[in-house]
Structures are given as C-alpha cells and as structure tokens.
Protein chains: 2
Amino acid sequence: MAPTTDRLLPAPPAGPGGGTGPQAAGDSFLDLALRQRAHHRFDPQAPVPDADVMAMLTVATHAPSALNTQPWQFVVVRSAEVRRAFGAATRERWRASTGAAREKSLVPGSVFSELDDGNGGGGLETAPVVIIVCFDTAKIEPAHGASSIYPAVQNLLLAAAALGYGSCLTTGLVDGSGALVRELLELPDRLELMAAVFVGRPARTLGAPRRHPAETCTYREVFGAPW
Amino acid sequence: MAPTTDRLLPAPPAGPGGGTGPQAAGDSFLDLALRQRAHHRFDPQAPVPDADVMAMLTVATHAPSALNTQPWQFVVVRSAEVRRAFGAATRERWRASTGAAREKSLVPGSVFSELDDGNGGGGLETAPVVIIVCFDTAKIEPAHGASSIYPAVQNLLLAAAALGYGSCLTTGLVDGSGALVRELLELPDRLELMAAVFVGRPARTLGAPRRHPAETCTYREVFGAPW
C-alpha cells in the first residue's frame with residue numbers, strides 16, 4: 001500500500017512559512033523548491049522525532065532509480081560522539097576543498113560570502129541527526145549509482161524543508177574511501193558511500209537562495225544557441 | 001531577484017489531481033513526491049510551451065550544488081529528427097541494459113512487469129521535449145558533478161509533475177561517451193553529459209509508484225541495526 005500524507009505527518013509543523021524556516025506542510029512544491037536552501041547551523045535542543053525522519057526517508061524512496069532497483073541504504077546517526085567526529089571531519093574537508101577551489105579559481109570569492117557561515121565554523125555538529133546515504137552494489141551497477149541516489153537525496157532535502165527542518169547535503173565525509181564513516185558505521189564493503197545529510201531545526205531563517213537565471217544556462221537545440 | 005511562483009505559472013494546470021496525471025500547482029510537496037513516477041509514453045500532440053520548460057528549469061536551478069557553483073547546462077531539444085534518433089538510441093540501450101541486468105540477476109523479473117511499458121516499445125520519442133543535462137567542468141571538479149546535477153534533475157522531474165507533465169530520467173543516451181548526443185547537440189569537450197529527461201503530457205494516468213517501505217532500508221547508528 002502506498003503511504004499517505006496523513007501517515008507522513010505525525011505532527012503539524014511548528015512555525016511560520018517565511019524564508020527557509022518551518023513551512024506549512026501544505027505549501028506548494030514550487031514555493032518550497034524555490035526557497036529550499038542549505039543550512040549549516042541548527043538548534044541542537046530542538047528534537048527531530050523518528051516519525052519525521054521516517055517521513056523524510058519515505059519521500060526519499062519515492063525518487064526514481066535505474067530499473068526501479070531502489071538501491072538506497074540509510075544509516076541514521078544520533079550519537080553525539082559520532083556526530084562530533086563527522087562535524088570535525090567535514091570541517092577539515094571543507095577547508096581543504098574550498099582552499100583548492102579558490103586556488104584553481106573555479107569558484108569566485110563572492111560565493112563564499114553568500115554561504116551560510118556555519119560550515120567553516122563547525123555548525124554542522126549542531127544537527128541532531130545525520131543521515132548517511134549509500135547504495136548497495138548488489139542491487140545496481142556502480143555506474144548507475146549516482147543517478148539513482150542523488151534524486152532520492154534531493155527528495156529528502158525537500159521533505160525536510162516541508163516538515164520545517166533545515167538540512168545540508170555534504171559529500172566531503174564520503175569522498176575517497178570514507179574510511180572514518182565506514183569504520184564508525186560498520187559498513188560492509190558492498191555499500192558505496194554517497195552523501196551525508198545533516199538535519200535539524202534551523203538556527204536562523206535564511207533568505208531565498210541566489211541563483212543565476214535559468215535562461216543563462218539553457219540552449220535551444222544545440223549548445224550555444226541562446227534560449 | 002528570486003523568481004516568484006506567479007512568474008513560474010504562466011497558465012493554470014489543465015486537469016484533475018489523481019494518479020500521476022496533471023496536478024494542481026498548489027498541491028503539497030509531500031503529495032506530489034509520493035505520486036511522482038517515470039512516464040514512458042506521452043501525448044505527442046499536447047504542447048509543452050517554452051514558459052513551462054523555463055519554469056521547470058528555474059526550479060531545477062534551485063537545487064543545491066557544491067559551493068553553489070551551479071554547474072548545470074541544459075540543451076532543450078524539440079527537433080523531431082533529433083528526438084527520433086534519441087528514442088531509437090535509448091531503446092537500444094534499454095534492451096541491452098535490461099538484458100544484462102537480468103542475466104546478472106541484479107533485478108527481479110517482477111520489476112519489469114511493473115514498469116510503464118513505453119520504454120521498450122519506443123514511446124519516449126512521443127515526448128515533445130527532451131532536455132539534455134550536462135555540467136561544465138570549468139565550474140566544478142568532475143568528482144563533484146553527480147552530486148551537483150542529479151538533485152537539480154529531481155527538481156526538474158518534480159516541477160514537471162507539478163505543472164501536469166510526465167517525465168522520464170534516462171542515462172542510457174549519455175552512458176559512455178554519449179557520442180551521438182555530443183555530435184547532434186554540438187557539445188564542447190568541457191561539458192560532461194549526465195542525463196536526458198523526456199517531458200510531455202502523459203499518454204495515460206499511472207498509479208502510485210511501488211516502493212519497499214523505507215524502514216526496510218534504514219538502520220540505526222550502525223549498519224544492520226534495525227530501524
């Protein structure tokens with residue numbers, strides 16, 4: 001039986017609908033998607049009940065996957081010790097990768113001033129929940145893993161926002177071998193690590209995300225032909 | 001200036017809200033996400049106006065990307081000739097990949113009987129629009145491409161559904177070198193091909209997607225500890 005929205009909404013959302021703070025669960029998708037934004041600081045005292053986590057993961061599993069193989073596997077981490085270790089490791093990777101990106105001039109400096117500033121400052125460990133997302137190589141060819149996992153991750157981020165939570169998709173923890181995560185979470189070799197998603201009530205309300213107009217990255221029929 | 005929903009909704013959606021057919025734009029995200037499903041046959045006569053394409057792409061560009069680099073590039077194809085070539089190539093890849101997956105027993109046979117049957121039968125070329133999704137390697141390290149592109153693709157699929165369209169995410173056209181797509185679309189070498197998304201009004205209303213309960217693929221603190 002398909003899950004119903006009723007089952008997915010154990011408690012009404014707590015706050016107003018502005019910015020990227022808590023939103024009414026009945027908000028339209030278009031409103032929600034245009035406001036969704038990465039959060040890097042959370043209220044460590046505000047609970048994220050199991051029922052809400054399961055609602056987010058149920059929405060995640062309704063994303064498409066290659067041949068409907070549903071290869072996702074989730075490990076939900078609440079342990080303060082493990083979250084601290086994740087926060088420290090993410091901070092380290094963040095500094096290394098932003099430094100590298102700046103050196104190569106792949107990213108203009110203005111981008112960093114627009115980011116919520118918790119990432120560099122260790123705000124991610126304030127998230128009461130971290131969801132580690134993997135795929136099972138027994139269920140899908142590794143080449144098709146990413147296209148079957150990140151749509152589910154986006155559903156997870158949107159569902160978190162719909163339920164009034166902030167979230168942050170990170171890949172720094174799982175880049176390379178992800179040895180720390182593998183060890184702490186006792187992951188078998190057949191699981192491929194894809195993402196760590198931090199979830200909690202936002203520490204502050206953020207403005208709308210900044211994006212270039214879609215027309216500037218869209219072409220008609222052939223590359224280079226302006227929209 | 002952030003786009004507003006008003007700007008994104010040039011015309012009211014045409015139909016009722018059941019199944020995965022046209023949905024009211026005001027439907028909640030949770031309702032929408034639980035009904036969203038791949039379509040493989042479309043109504044070739046039903047138009048997909050530019051304004052709707054741009055609405056979908058605007059939502060796509062509001063997904064997160066590594067360091068907010070927004071590395072996506074979209075080529076929107078309406079040419080009947082190119083769409084026929086894509087349909088034929090996708091059909092060929094589909095047959096090869098489902099055959100291979102069956103041989104390796106990665107996918108139970110029952111999965112195929114639940115799929116909308118247009119893919120094997122050539123239904124994808126009935127989609128009036130194909131959106132080719134790439135990322136620009138001048139903007140992002142290739143290793144971070146997938147996690148910055150497929151969330152945008154999922155936003156695109158959801159936005160299509162919110163506007164009453166069906167859609168299908170495929171990677172068969174872009175697997176390997178994607179030589180056919182590169183040639184027809186005159187793509188420069190620096191673009192990495194990630195997906196082809198077929199969009200049109202659904203030829204028929206599909207039931208809700210079938211998924212395993214999220215509890216069956218979720219663990220607590222460490223892999224193997226049941227939710």
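Read the figures in this text as sums done on the coordinates, not as results from a lab. The model shown is predicted, which means the values in this text are computed figures rather than measured ones. Every residue, glycine among them, receives a Cβ derived from its backbone with ideal geometry; neighbour counts consider all protein chains shown.
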Paramagnetic reach from A:Ala225 in region B:33-54 [backbone N under 17 Å; point 7 Å along Cα→Cβ]: B:48-51, B:53-54
Shortest-first nm distances, A:Val222 label point to equivalent points in other copies (7 Å, Cα→Cβ): 5.9
Spin-label pair B:Asp189/A:Ala143, simplified geometry with 7 Å Cα→Cβ offset, distance in nm: 2.2 nm
Long-range HN-HN contacts of A:Gln70 with modeled amide H, under 5 Å: A:Ser65
Residues with amide H under 5 Å from that of A:Tyr219, placed H, sequence gap 5 or more: B:Phe74, B:Val75, B:Val76
Whole-Hz ³J(HN,Hα) from phi, Karplus 6.51 cos²θ - 1.76 cosθ + 1.60, for region B:157-168, glycine and proline x: 4, 5, 5, 4, 4, 5, 8, x, 9, x, 8, 9
Using a 7 Å Cα-to-Cβ projection, A:Leu180 label spacings across copies, nm, ascending: 4.5
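Could you calculate the FRET efficiency of B:Arg84 with A:Ala96 from 1/(1 + (r/R0)^6), where r is the beta carbon distance between them and R0 is 51 Å, rounded to 0.05? Provide the component values of the computation, followed by the final result.
Working: r = 47 Å, r/R0 = 0.93.
Plugging the Cβ-Cβ distance into 1/(1 + (r/R0)^6) gives 0.60.
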Distant-in-sequence amide H partners of B:Ala195 (H built 1.01 Å from N, under 5 Å): B:Val133
